[in-house]
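Okay, so here's the structure we're looking at.
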Amino acid sequence: MEAFNYRKAGSADEAVSTLASAADGKFLAGGMTLLPTMKQMLATPDTLVDLGGASELVGISRDGDNLVIGAMTTHATVAGSAEVHSAIPALAALASGIGDPMVRNRGTIGGSIANADPAADYPAAVVGLNATVNTNKRSIAADEFFVDVFETALADDELVVSVSFPIPAKAAYQKFPNPASRYAVVGVMVAQTGDGVRVAVTGAGPSVFRASSFEDALGGNFSASALDGLSVSADNLNEDIHASAAYRANLVGVMAKRAVAAC
Amino acid sequence: MAAAEPLNTGIGESVTRVEDSRFLRGHGNYVDDIILPSQTYAVMVRSPYARATVNGIDTSAAMGSGGVLAVLTADDFSAFGGLPCGWQVHSKNGDPMTEPKHPILAEGAVRHVGDPVAVVIAESKAEARRAAALVDVNYTEMSPLIDMQGAVAGSAELVHSDTPSNVCFDWELGDEAATEAAIAGAAHVTRLELVNNRLVPNAMEPRAAIGDYNTANGEHTLYTTSQNPHVIRLLMGAFVLSLPEHKLRVIAPDVGGGFGSKIFHYAEEAIVTVASKLIGRPVKWTADRSESFISDAHGRDHLTTVELAMDANGKFLALRATTLANMGAYLSTFAPSVPTYLHGTLLAGTYTTPAIYTNVKGVFTNTVAVDAYRGAGRPEASYLLERVVDLAAIETGIDPVELRRRNFIQPDAFPYDTPVALTYDIGNYQATLDMALEKTDAAGFEGRKAASAARGKLRGRGIACYIEACGIAPSNIAGALGARAGLYEAATVRVNPTGSVAVLTGSHSHGQGHETTFAQVVSDTLGIPIENVDIVHGDTGKIPFGMGTYGSRSIAVGGAALANALDKIVLKGRQIAAHLMEASADDVVFKDGQFSIEGTDKSVGFGDVALTAYVPHNFPLETLEPGLEETAFYDPKNFTYPSGAYVCELEIDKETGVIDIVDFHASDDFGNIINPMIVEGQVHGGVAQGVGQALMEGAVYDDNGQLMTGSYMDYCMPRADDLPNVTVSNHVTACTHNPLGVKGCGEAGAIGSPPAVVNAVINALGDYGVKHIDMPVTAHKVWSIMNANGN
Ligand SMILES: Cc1cc2nc3c(=O)[nH]c(=O)nc-3n(C[C@H](O)[C@H](O)[C@H](O)COP(=O)(O)OP(=O)(O)OC[C@H]3O[C@@H](n4cnc5c(N)ncnc54)[C@H](O)[C@@H]3O)c2cc1C
C-alpha cells in the first residue's frame, strides 16, 4: 500500500469539498473493497476522505411509498432494520447474505453500488426494485446507474447520498453464491412494482441487467411456472473458473423461479 | 488407607484440552507474537513469472528507500548450500533421482511464480514492503511448463537446464510381470484415469521466522513455524549454512496448524538466520496470505491410470497404477517420498490382491513445490483404490459392499504381508464396515432415496474402506528406502522434587492437543493429576533430539517413547521405594500413585519417592544415582496401520448441481485411544479437509503459470456450513508392536473421506451413466455432466 492522506469529513458537503481539493482522492466508506484494492496496489489514491463522520449519510427512513437508505448505512443495519423488514423484507434478506459479519458491519450500501462489482448483491436490488440513487448533484434512475464492470453513472467527484426504494407489492431475492467468495455467481431480484414486474440479474453479466422476457412472462402470470421454457442467452455472460456462461444462464432461470416462488 | 479420589485424567478419558484456555483467550505465543528488542522486518521479492531468466537485479532504489537496512540477493548467499532434499528415491533402472539445486534465492533463473529473488530488510514492515516494490529485477520471460504430460514429453524444454529431463525419478514397486499376466488373463478389468487435485495447505497461521544472532556468544536462534524444530536445525545447520548444532537453537513455539506444510525447511528460515548476523539485529519475516499461496509447499497433484483385474466372482487378481506426480519446480524436503513409499506401498489397501505393480514418475513443472499434505500419499492411494473398486462394482453388478467383503484381508490373516512391501500387524476391516453400515442405516437407503427424489433431489450413498500407515519406521528400513533422517522419537520425563512432572518431547503440537494427550499418559502411569504435568516441546534448547510431528506419528512414536521413559521412572521409583520400605524392589508394585508391598499395608507415595530422589538422605546411593529423570528414544518396529470404513450420503440438486452432504459416518480402528474427544476432533478436521478436497478445493494454474486460485476469493476452503454433522465410531484392534497399542488418528479423516464422497456422487448420478468425475466435484461440473448426458 502506498502512503496516503487521511481526511475525515464531518458532513457530506465537507466530504465533497475535501475531495475536490485533493489531487487524486477517493471517498472511503466501509473500506471493505477500497482498502484491499489499495493493499494490492490496484488503486493508489493520494487522499482518502472518510465519510464515517457524515451522520446525515446514515439511516433508514420512510418517505411516503419509498424506503430511503443513507449511503453510509451498513449491510448489518439494513439486515437488522425493523423498518426494512416490514417494508421490503427481500432487501433485508439480501443484505443479510452479503459477505460475513465483519463485512456486513463495515460495508455500506453507498460503497457497494458506487463500486459496482459485477458480482455484488445490491445492484440487483437497486435495479429490481426500480430505486433512485440520490447524489450530491442529482437523482439517477436505477436503469441508468450501472454502466459496466465497476463502472457507474457517477462522476469522479459525485457522492452517493442515499438510495430511495419504492416499496413493491412483492419481492424476493435469490442468490447462488460463489462457493469460495460467497459473492453472487448469479443473484436475481424479482419484484412486483408500481411499474410492473421487474427481474434484475446480478453476477451473470458484466453489470446488473433486466431479464425482459422473464418480466413479460411474469407480467401475464406471476408464477414460477410462467418461466418454464424461458431462458436468458448465455452470449455475453461472464465466464470464469467457477462457472461457464451456460451454467450462469441456467442459474438465472433457476434463481428467478425460486425468487418468484419465494415472493 | 482411604481410596484415593479417581483422577479421571488417565488413558481413555475425554479430558478437555488444557491448551485451549490460552488459544481461545488469545494468549497463545506464535512466532509473529514474538517481538525482540531492535527487531527488523524482512519482505521477500518474489518472481511474478513462472519461468524466466534473471538478467540482473538493481537494488539501488530499494537501498535508498526510507528505513531500509539491507537488500540481499543470491550473491549474498553464495557461501551457502541449497535447500536439501531429505529423501532420495531411486529410479527403476537404479539411478538416483535428479536433484537439481534449490537455491535460497534465485540464481539467474526463476522457476515458479513466488520463487524468492531478493529480500529487503527494513526498520518496519511497511518500509520493507515499499522498498521491495522498488527492487528492479530484469527478467526475460520464457514459456513455462505447467502441465505434467507436457513436461514429460520428449520435446519439452527443461525446468532445470542442467537436468536430462523433467522426470525427477521413474520409480516402480511390485511384480510387473505377474501383474501383467494376471491382468491379461482376468475375467474382468476395470480401468480408470483420475486426477488427485492439487491442494493449498492453508494453515490458519501463515509461516513466519525470526533470525536472532547473539554476537556475545556466537549463537543463532531461529524462531520458526515448524512441525519439527530439530529437523530444521539439522537440515539448515548441517546442509545449508554449515552452522554447528550447538550454536543453533530452533524454537517452534505455538504453531497454528501445519498439515504437513510446516515440516519442510524453507528458504526464509535460512534467509533470516543469515541476515540477522549480517545486520546484527533480529530479523522477522511473516508471510501474508497471498504469499502463503505461492510459497508454502502444496499437496497431492497426481495423474493416475489404474487397472483392477478380477476373476468371475469379483475376486481381485491384480492392480496396476501408473502415476505422474508433480514435484513442482524444486524438490521440497520430503517430496520424493510422498508419491512413492507413502503411496505405492499402500496400494493393497484392505484387500488380498495378490499381484500389484506401480510406476510413478516424479515430474518437475514451473509450479510451487509439492510435498506432504495431511495424509501424504495415502489419500492418493486410498482414493484411486476405492474409486476403482467402486467402479468395478458398477461394471460387474456386484454390490460395492459385497465386493469389498469378498476381498478383505480376514481378521485371522495377520500379520499379513502385502505384495507392496508392508506387513500389516493387525486389523479387522469387516468390523468397521459393519459398524459404519449399521450407524448409517444402510437398509433404509432406498426409502430415503425415494423421499429425496420426491423433492427433486438425487440421493447417493458412497462407502470407502481405507487403510493407512502411520509412524513411518523403522529407521533402518526407511534409510534403506532413501530417508536421509532417523524416524525414532525421544522423550524425557523429568520428575521434580515435589512430584510434579515435566515431559520434554520431540513431538510437536501445532493444534493436535499433545499437552493434554501426553499428560494423560503420564497421569495414567504415575497416578498424578494432570495439572501436575507439563508438556514441553518445540525448543531444541530444551528437548532431546526429536523428529517432530507428521504422518500421525506423535502418539504412536512420541507416545511410545514417553511410555518407555515412564517405565524407567517407575522402575527406578520401585527401587527407591523398596529402600524406604526395607524390601526388595521385586516385591514393590506401583499402582494409582502408590508404591506398595503386596500382601502388606506398607506403601509410599510417588511424591515421597520423588522427594527422596532429590533429597537422598535415606537413599541407596551405593547402587542408585539420585534424581528422577529418564529419557527414552523409541524406534518403532513397524508402521502402525489405522483403517476404517466411511459412509457418505448426499443429495444433488438437479437444477443447479449443488451437492449437499446429508450424512457422514466415520468408523475407524485407531487401536487404543487415549482421549476419545480429541480423536473425534481429529477425525472431524480430517473429514473437513477430505470433503474440501472432494468438493471444493483445487489449485488451478493458467497456461502462464499464474495461480488462478491465489486467494480465498477463488480457492474454496470448506466452511462449517458446507459440512455435515460427522458422526464417528471406533473398533479397536490394538497395535501389536508399540507399548500403548496405539495407531494414530491425525490423517485418517482426510484419507478415507474423498473416495467416500466421490463414490456417493457417482452413485447419485447412476441414471446418467457417469463413470467418474475428477475432484473437486463442483456444482458446476455436476450440472454440466447432467446436461451433457441429456437431462
Ligand atoms: C470478504 C468480503 C466478502 C464480500 N462479500 C460480498 C457479497 O457477498 N456480496 C456483495 O455484494 N458484496 C460483498 N463484499 C463487498 C462489500 O459488500 C463491500 O461493502 C462493498 O464492496 C464496498 O462497500 P464499502 O462501504 O466497504 O466501500 P469502500 O470499500 O469504502 O468503497 C468502495 C468504492 O466506493 C466508493 N464510495 C464509497 N462510498 C461512496 C459514496 N457514498 N459515494 C460515492 N462513492 C463511494 C469508494 O471511493 C470506493 O471507490 C464483500 C467484501 C469482502 C471484503
Return the residues of the range A:226-258 that are part of a helix (DSSP H, G or I) and more than 14 Å from chain B (Cβ to nearest Cβ); say none if nothing qualifies.
A:ALA226
Take the range A:162-190 and flag every residue that is more than 22 Å from A:ALA234 (Cα to Cα), over 14 Å from the mean Cα position of the chain (by Cα) and in a strand (DSSP E or B).
A:PRO166, A:LYS170, A:ALA171, A:ALA172
Top-ranked residue in the range A:144-201 [being among the basic types (Lys, Arg) and more than 14 Å from every other protein chain (Cβ to nearest Cβ); ranked as farthest from B:THR709 (Cα to Cα)]:
A:LYS170
Inspect all residues belonging to the range B:700-708 and state whether any of them is buried (at least 19 other Cβ atoms within 10 Å of the Cβ), within 16 Å of B:ASN197 (Cβ to Cβ) and within 14 Å of chain A (Cβ to nearest Cβ).
yes
List pairs: first residue in the range A:1-17 and within 14 Å of chain B (Cβ to nearest Cβ), second residue among the charged types (D, E, K, R) anywhere in the structure, Cβ distance under 6 angstrom, at least six positions apart or on different chains.
A:MET1/A:LYS39; A:PHE4/A:ASP46
Only one of B:THR492, B:THR432 is among the β-branched types (Val, Ile, Thr), assigned to a helix (DSSP H, G or I), on the phi < 0 side of the Ramachandran plot and modelled with pLDDT of 95 or more; which?
B:THR432
Test: residue in the range B:228-251 that is polar (S, T, N, Q) and more than 21 Å from the chain's Cα centre (by Cα)
yes
With respect to A:ASP240, determine if the residue is of a type outside the set (A, V, I, L, M), within 16 Å of the ligand (Cβ to nearest atom), more than 16 Å from A:ARG258 (Cα to Cα) and free of Cβ contacts under 8 Å to residues at least 40 places away in the same chain.
yes
Among the residues of the range B:654-673, which ones are among the polar types (S, T, N, Q) and surrounded by fewer than 23 Cβ atoms within 10 Å (Cβ to Cβ)?
B:THR656, B:ASN672
Which members of the range B:297-330 meet the condition of being more than 30 Å from B:ALA203 (Cβ to Cβ), of a type in the set (D, E, K, R) and not in a strand (DSSP E or B)?
B:ASP311, B:LYS315
The helices (runs of 4 or more DSSP H) lying wholly within the range A:1-83 that contain at least 2 residues that are within 20 Å of A:SER96 (Cβ to Cβ) and within 13 Å of the ligand (Cβ to nearest atom) are A:75-80
Yes or no: B:MET713 within 14 Å of chain A (Cβ to nearest Cβ), assigned to a loop (DSSP other than H, G, I, E, B), of a type in the set (A, V, I, L, M, F, W, C) and closer than 30 Å to B:ILE673 by Cα?
no
Working only within the range B:253-294, note down all residues that are of a type in the set (Gly, Ala, Ser) and either assigned to a loop (DSSP other than H, G, I, E, B) or under 17 Å from B:ARG46 (Cβ atoms) (or both).
B:GLY256, B:GLY257, B:GLY258, B:GLY260, B:SER261, B:ALA267, B:ALA270, B:ALA275, B:GLY280, B:ALA287, B:SER290, B:SER292
Counted residues, the range A:149-192 - those being farther than 30 Å from B:ARG719 by Cα and within 15 Å of the ligand (Cβ to nearest atom)
14
From the residues in the range A:103-116 that are closer than 16 Å to A:PRO206 by Cα and within 6 Å of the ligand (Cβ to nearest atom), which one is nearest to the other protein chains (Cβ to nearest Cβ)?
A:ASN115
Consider the range A:191-208. How many of its residues are touching an Asp or Glu at 6+ places or on another chain (Cβ under 9 Å) and either within 23 Å of A:ASN221 (Cα to Cα) or part of a strand (DSSP E or B) (or both)?
6
Could you give me the residue pairs with C-beta distances under 8 Å whose first residue belongs to the range B:37-60 and is more than 27 Å from B:LYS277 (Cα to Cα), whose second residue is surrounded by 16 or more Cβ atoms within 10 Å (Cβ to Cβ) and basic (Lys, Arg) wherever it lies, and which are 6+ apart or on separate chains?
B:ALA50/B:ARG111; B:ARG51/B:ARG111
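The values are calculated or read from the model by the stated rules, or taken from the named source; none is laboratory data. The structure presented is a predicted model; accordingly, all values stated were derived computationally and were not measured. Cβ: placed from backbone, ideal geometry, glycine included. Neighbour counts: every protein chain shown.
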